[in-house]
Amino acid sequence: MRLTLNGEARDAVSAPMSRLLDVLREEFGLTGTKEGCGEGECGACTVLIDGAPVCSCLVPLAQVDGANVQTIEGLGDDHPLQHEFMNEVGAQCGICTPGMIMAALSLGENPTLDDIKVALAGNLCRCTGYAAIYRAIMKANAR
Amino acid sequence: MRTAISTLDVRSVATVQDAVAVMRDEARVPIAGATDLFVALNFGTLASRRFLDIWRIEELRRIAVNGDVLMIGALATYTDLIRSPVIAARLPMLAEASRLVGGPQIQNRGTIGGNIANASPAGDSLPVLAAVDATVVLRSAAGERRAAFNGFYTGYRESVRRADELIVAVEIPAVSGRQWFRKVGTRAAQAISKVVIAGVRDDRTVRIALGSVAPTVVRARRTEEALGAGASIDEAVQLLRDEIVPIDDIRSTAGYRRLVSGNLVRRFLTDTQ
């Protein structure tokens, strides 16, 4: 199995029905992607496949053969969303944060609050509350 | 406990021809966006061990109009349906239903063929297909056949699809009149429906289909016939509540479902007057 992971061509040797989430965390050591519910309800494990946000707990490795996968690590340390999540305190425990940021990456330019709510409808946060998260995304997109 | 991955076997195919050849020779469960199947895997309730990955069959992603018939390929995702100008023009209530499935992550992976194959009574797209009298197109190595969507399910999670048949498309005849869709769940996103309803109404006929109120998606035939014969809205609401057979489960109660289904029918009939 060969995929492009955060811009680099990588070979994966895990079993083809492995969850992409486990391959990322265990085979590639990319533990930024979190497991929340394991059933596609919480969005904590969100990554981009060919640019589209998906729950990596529901994707078999076999289906990303040849695909372009981006995880939170692919953003580096200096992305506007990362800065604004810190500035606006859009994270408390932090488990949902990588998924929130990956889902937010799918937004076009100058999103409205409604656009942001729709884009993040598949991501749950149980401690920050959503107001700070929406604010962080608004500010990052205004940068 | 999660199903052990090492016990699972998968083959990937890129064409329908290859898919049906494999399904003729081996018992394998087709796997598309995996949004239902991998939930079962994570819960350890997955019944099968052998799968056929059909996600890359590009020919099944097509949405097109042939004459009067709208043809939706089985691998069209909810996102495809939401973005399709053809769906917006001909079957807007399917786009509306698609927007209420899970969240964007699920909409990017879940497919209409998967919703049909999964056969849940709560499938959000299914009342739409029932209300418009859709046809399911099935392909096997022996050829192609068509099955009326109303009649496709034979019981709870059971259908007329044979194990060697792949759902390749769903066909929808021209729909005249107003289309109406509502889903009632705990919240707008990421909720499985307590009641889901699709209606079509033109000058002569009313068609009503509901999900989560019976072992399969159902058409409210008695209510439809009564309305055709001139029943009042009050009479239709009462008849509908008697006609459906909802149950108590983790998401709702039979009583609530009956009450809400009647209210939804009242709103449908009022909105489309």
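Among the residues of B:95-108, the average count of other protein chain beta-carbon atoms within 10 Å of the residue beta-carbon is 6.
Of the peptides B:157-169, A:34-46, B:5-17, B:127-139, the order by per-residue mean of other Cβ atoms within 10 Å, starting with the highest, comes out as B:127-139, A:34-46, B:157-169, B:5-17. In this calculation the C-beta distance from residue A:138 to residue B:59 is compared with R0 = 41 Å, giving a FRET efficiency of 0.50. Over the stretch B:5-53, the reciprocal of the mean inverse Cα-Cα separation, the Kirkwood hydrodynamic radius, stands at 11.3 Å. Here the alpha carbons of the stretch A:75-142 define both size measures, Rg and Dmax, at 10.5, 28 Å. Computed from point charges on the beta carbon alone (+1 for Lys and Arg, -1 for Asp and Glu), the dipole magnitude for chain B about its Cα centre is near 500 Debye. Between the listed residues B:237, B:150, B:208, the Cα displaced farthest toward the positive end of the dipole of chain B, a dipole computed from Cβ unit charges relative to the Cα centre, is found at B:237.
When the convex hull of the C-alpha atoms of the protein assembly as shown is computed, what volume per residue in Å³ does it have? Mind dumping the intermediate values first?
On the way: hull volume 60.8 nm³, N = 416.
Expressed per residue, the convex hull around the Cα atoms of the protein assembly as shown is 146 Å³.
For peptide B:53-60, the mean count of partner chain Cβ atoms within 10 Å of a residue's Cβ comes to 2. On the basis of the beta-carbon distance and an R0 of 56 Å, residue B:156 and residue A:13 show a calculated FRET efficiency of 0.90. The length gained by stretching the chain between residue B:176 and residue B:233 to full extension, at 0.36 nm per residue less their Cα-Cα distance, is 18.4 nm. With both residues required to sit in chain A, DSSP beta bridges show an antiparallel share near 85%.
Label-to-label distance, residue B:188 versus residue B:221, with points set 7 angstrom from Cα along the beta-carbon direction: 3.8 nm.
Volume of the convex hull of the stretch B:180-271 (Cα atoms only), normalised per residue: 86 Å³.
Considering the zone a paramagnetic label at residue A:65 would reach in this model (a point 7 Å from Cα along the Cα-to-Cβ line), which residues of the stretch B:34-71 have amide N under 14 Å from it? Residues passing the 14 Å test: B:51-57. For the protein assembly as shown, the dipole from Cβ point charges (+1 on Lys and Arg, -1 on Asp and Glu) about the Cα centre works out to 880 debye, to the nearest 20.
Centroid-to-centroid, using Cα positions, the stretch B:1-30 and the stretch A:79-133 are 37 Å apart.
Looking at the square roots a ≥ b ≥ c of the eigenvalues of the Cα gyration tensor of chain B, which shape do they give, rounded for a/c under 1.5, prolate if a/b is larger than b/c, or oblate?
Note, shape of chain B comes out prolate.
Its relative contact order, with pairs defined as Cα atoms under 8 Å and 6+ residues apart, puts chain B at 15 percent. Using the Stokes-Einstein relation with a Kirkwood hydrodynamic radius computed over Cα pairs, the translational diffusion coefficient of the stretch A:1-138 at 20 °C and a viscosity of 1.002 mPa s comes to 142 µm²/s. Between residue B:263 and residue B:15, the distance separating the two model label sites (each 7 Å from Cα on the Cα→Cβ line) works out to 5.4 nm. Overall, chain A carries a charge dipole of about 280 debye about its Cα centre when +1 sits on the Cβ of Lys and Arg and -1 on the Cβ of Asp and Glu, all other atoms neutral.
Look at the dipole of the protein assembly as shown built from charges on Cβ: of A:18, B:188, A:4, the Cα furthest out on the positive end belongs to B:188.
Note the full-extension length gain between residue B:5 and residue B:205 as 0.36 nm times their separation in residues minus their Cα-Cα distance, in nm to one decimal. Write down the numbers at each step before the final one.
Working: separation 200, 0.36 × 200 = 72.00 nm, distance 5.08 nm.
Stretched fully, the residue B:5-residue B:205 segment lengthens by 66.9 nm.
Projecting the Cα atoms of B:163, B:228, A:112 onto the charge dipole of the protein assembly as shown, computed from C-beta unit charges around the Cα centre, puts B:228 farthest toward the positive end.
Rg and Dmax of the stretch B:58-172, both derived from C-alpha coordinates alone, stand at 13.1, 38 Å.
Mean partner shielding of peptide B:30-39, defined as the number of other chain Cβ atoms within 10 Å of each residue Cβ, is 5.
Packing, taken as the mean count of other beta carbons within 10 Å per residue, orders the peptides A:105-115, B:211-221 from highest to lowest as B:211-221, A:105-115. Here the stretch B:57-96 is scanned for amide nitrogen atoms under 15 Å from the site 7 Å beyond the Cα of residue B:144 along Cα-to-Cβ, giving B:59-75.
The slack in the chain from residue A:83 to residue A:110, taken as 0.36 nm per residue of separation less the alpha-carbon distance, amounts to 8.0 nm.
Find the eigenvalues of the gyration tensor of the Cα atoms of the stretch B:1-108, then list the square roots of 5 times those eigenvalues as equivalent ellipsoid semi-axes, largest first, in whole angstrom. Can you show the working numbers first?
Details: eigenvalues 167, 74, 16 Å².
Rounded to whole Å, the semi-axes are 29, 19, 9.
Since every read-out is calculated from the coordinates, none of them should be taken as a lab result. Nothing here was measured: the structure is a model prediction, and the numbers come from that model. Cβ coordinates were reconstructed from backbone atoms using ideal geometry, including for glycine residues, and neighbour counts include every protein chain displayed.
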